[in-house]
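The values are calculated or read from the model by the stated rules, or taken from the named source; none is laboratory data. Computed from a prediction, not measured in an experiment: that's the story for all the values here. Virtual Cβ from ideal backbone geometry, glycine too; neighbours counted across all protein chains shown. All accessible areas refer to the heavy atoms of the entire protein, side chains included, with ligands and DNA or RNA removed. Shrake-Rupley method; radii C 1.70, N 1.55, O 1.52, S 1.80 Å.
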Amino acid sequence: MSMLRFAAFAAAVLVFAASLALGASVWITGVAAALTLVGITDLLQTKRALRRNYPIMAHFRFFFEAIRPEMRQYFFEDDKEAAPFSRNQRSIVYQRAKKDIDKRPFGTQLDLYEAGYEWINHSIQPKPVQNHDFRITIGEGRAQPYSASVFNISAMSFGALSANAILALNAGAKAGGFMHDTGEGSISPHHRQNGGDLVWEIGSGYFGCRNADGSFSEEAFAANACTPQVKMIELKLSQGAKPGHGGVLPGAKVSREIALTRGVPEGVDCISPATHSAFSTPVEMLQFIDRLRNLSGGKPTGFKTAIGHPWEFFGIVKAMLATGITPDFIVVDGGEGGTGAAPVEFTDHVGTPLQEALLLVHNTLVGANLRDKVKIGASGKIITAFDIARTIALGADWCNSARGFMFALGCIQSQSCHTDRCPSGVATQDKLRQRALVVPDKAARVEQFHTNTLKALAELIAAAGLIHPNQLKPHHIVRRISPNQVKLASALLPYLSPGELLDAGRTPHLPPVYTLYWPMARAESFHPL
């Protein structure tokens, strides 16, 4: 029986020999000869044991393994299985982006008695559905405050996304009146072409505002930051999908266009360090943020972070109290956030999930009496109106979405972002592939996804008896704990009272994360006492 593994090779050899002896057609002889050659090569090569043990037959395994993701997505995947986004989640984006029917017949497909199921409580006296263009003011009291939508495009760099994808996203943002985060790859000509509002993200590589040695350049920063299209400045400390991990764009991929955008040499490895060189303590970080704000002419300036060691964020808040310098906003990036490429250990096991990260940031600012000075954005698998409502209820002021807007562009979740072979032209620098993404058509879909999602949000909060998402509170969200037990989020999650962290007598009665780590945090260092 063990010799059956050579059956395909033996059959190829026999057919080849017989076809030669009997003068069979050139096609039969050619195919048999090719298979025989493959079998001989399999036996003689030394890199793959399967090919040596199963000549010819091993290639069937490699073929089915190669098409497994497509087979799974199209034939075997459950509509509700989120890996990372379910078919239902992707479909709602496609439908709203195309202005197709986004209603569902015959009732929910969810198990309403499964632990983790959540819903929003409705009112006996719902409000009439009003304007869906919900906005908040960021940087109130600054020289150039910004009126932002509650739903915006999260950080995605040119280089990670194609030129056509950036063009379509920004044109959609312009048409819909919402903001487009540049990602740390700086502001490319494609970001500027259509004039949509930009949030300029400054990462540790200081792309677009760096000196030749990679250090921060005030002159280069001011030149970009003071342009009218740039509405806010965002200092990136970390991102949810790979916090604490730097990056390298190989020199072969650093084209002239990317080099000019980032301010780096063409054809040379482009390095994003894991940490910033412009500051090394919480106080220095806030001074740097204040410096950026002044250089930009008083535009709202804040930072994006994934939460790791609690004492580090507590140190930043203590630095706010010590210096009187506050960021205008903080964007909390959950560990479930996406990326073009990251080590599996980082995507799966590094970074606090959004719920806990958002709760920590919101609670700490409330407890330090700073919440009214700092707006909070949140990102991490936010797709639907309920995702937005839930996130705002838990403590955010607005939400960002990256992969949601990628789906609006036509992304099919092939998960080939890191290969430069994106089938829909979204995440590739291949000119031939990205030409498939027609900018005017996809820009309209970006705008329509945003608009139709906010219309759904308007209906949702009206049903809850509210007129604006900022009225949502934790008590509006209910979560099932078990088949026979449910709890309001306000009862399930701990919330601090204003100023509670400033009362030393209250410290022993606070949630454990504060009793343990708040006393050891310090404004002068990211390291604990």
| remark: Which residues qualify? For Cys399, with a placed amide H closer than 5 Å and at least 5 residues away or on another chain, they are Phe151, Asn152, Ala378
| So what are the ³J(HN,Hα) numbers for the range 196-208, from phi and the Karplus equation (6.51, -1.76, 1.60; θ = phi - 60°), rounded to whole Hz, Gly and Pro as x? | x, 4, 10, 9, 8, 8, 9, x, 5, x, 6, 5, x
| field | ³J(HN,Hα) computed for each position of the range 409-421 - Karplus, 6.51 cos²θ - 1.76 cosθ + 1.60, integer Hz, glycine/proline x | value | 6, x, 4, 10, 6, 6, 6, 10, 4, 7, 9, 6, 10
| Quick one: ranking Val426, Val13 by accessible area, 1.4 Å probe, largest first, what do you get? | Val13, Val426
| said: Around Ser238, under 9 Å between beta carbons, what's the net of Lys plus Arg minus Asp minus Glu among the other residues? | reply: +2
| Pick the calculated Rg/Rh (Cα atoms, Kirkwood Rh) for this structure from [x] 0.97; [y] 1.06; [z] 0.99? | [y]
| note | Of 59-66, 104-111, 3-10, 331-338, ordering from highest average Cβ density within 10 Å down gives 331-338, 3-10, 59-66, 104-111
| message | What distance in nm lies between label points placed 7 Å from Cα along the C-beta direction at Tyr74 and Arg435? | response | 2.5
| said: Quick check for you: with a 1.4 Å probe and neighbouring chains kept, what is the accessible area per residue of the range 287-412, in Å²? | reply: 28
| Using 15 Å as the cut-off for backbone N distance, which residues of the range 266-297 belong to the label zone defined by a point 7 Å from the Cα of Thr323 along Cα→Cβ? | 276-295
| task | Among DSSP beta bridges whose residues both lie in the chain, state the antiparallel percentage, nearest 5. | result | 35
| said: With N set to the number of residues, divide the alpha-carbon radius of gyration of the range 362-438 by 2.2 N^0.38 Å and report two decimals. | reply: 1.53
| field | Volume per residue of the C-alpha convex hull in the range 251-323, rounded to whole Å³ | value | 127
| request: Would you please give the residues with an amide H less than 5 Å from that of Gly335, counting only those at least 5 places away or on a separate chain, with H modeled from the backbone geometry? | output: Thr352, Leu354
| remark: Quick tally, 1.4 Å probe accessible area for Ser482, Ser497, sorted with the most first, runs Ser497, Ser482
| task | Determine the gain in length on full extension of the stretch Ala341-Ala223; use 0.36 nm per residue of separation and subtract their C-alpha separation, reporting nm with one decimal. | result | 39.4 nm
| Sequence-distant or interchain residues sharing an amide H contact under 5 Å with Ser272, placed H: which? | Gly247, Val248, Leu249
| Whichever aspartates and glutamates have a C-alpha closer than 19 Å to that of Lys299, once near sequence neighbours (fewer than 8 apart) are set aside | Glu140, Asp181, Glu184, Asp197, Glu201, Glu218, Glu219, Glu234, Asp290, Asp328, Asp372, Asp397
| query | P(r) tail for the range 387-529, what percent of Cα pairs lie past 19 Å? | reply | 70
| query | Ignoring ligands and nucleic acids, what accessible area does Cys411 show with a 1.4 Å probe (Å², nearest 10)? | reply | 20
| If you line up the long axis of helix 310-323 against the longest principal axis of the chain, both from Cα atoms, how many degrees apart are they, to the nearest 10? | 40
| request: Output ³J(HN,Hα) for the range 366-382: one whole-Hz value per residue in order, computed from phi by the Karplus curve 6.51 cos²θ - 1.76 cosθ + 1.60 with θ = phi - 60°, and x for Gly and Pro. | output: 5, x, 9, 6, 10, 4, 6, 9, 10, 7, 10, x, 9, 9, x, 6, 9
| Dipole axis of the range 366-480 (+1 Lys, Arg; -1 Asp, Glu on Cβ), positive-most option in His450, Cys411, Leu466 | Cys411
| said: How many angstrom lie between the Cα centre of the range 158-226 and the Cα centre of the range 363-402? | reply: 23
| said: Cα atoms only: what Rg and Dmax, in Å, come out for the range 67-203? | reply: 19.4, 56
| task | Can you sort Trp119, Trp311 by 1.4 Å-probe accessible area, starting with the largest? | result | Trp119, Trp311
| request: Please get the size of the charge dipole for the range 1-149, origin at its Cα centre, with Cβ charges of +1 on Lys and Arg and -1 on Asp and Glu, quoted in debye to the nearest 20. | output: 400
| How compact and how long is the range 206-337, expressed as Rg and Dmax of its alpha-carbon atoms in Å? | 15.4, 46
| request: Please state the charge dipole magnitude for the chain, taken about the Cα centre, from unit charges on C-beta atoms (+1 on K and R, -1 on D and E), reported in debye and rounded to the nearest 20. | output: 960
| request: Only loop residues by DSSP count here, and only those with at most 10 other Cβ atoms within 10 Å; note down the trypsin sites (Lys or Arg not before Pro) in the range 7-51 that meet that. | output: Lys47
| query | What 222 nm value per residue comes from the helices of the chain, counting each DSSP H run with n ≥ 4 as -39,500 (n - 2.57) and dividing by all residues, nearest 500 deg cm²/dmol? | reply | -11500 deg cm²/dmol
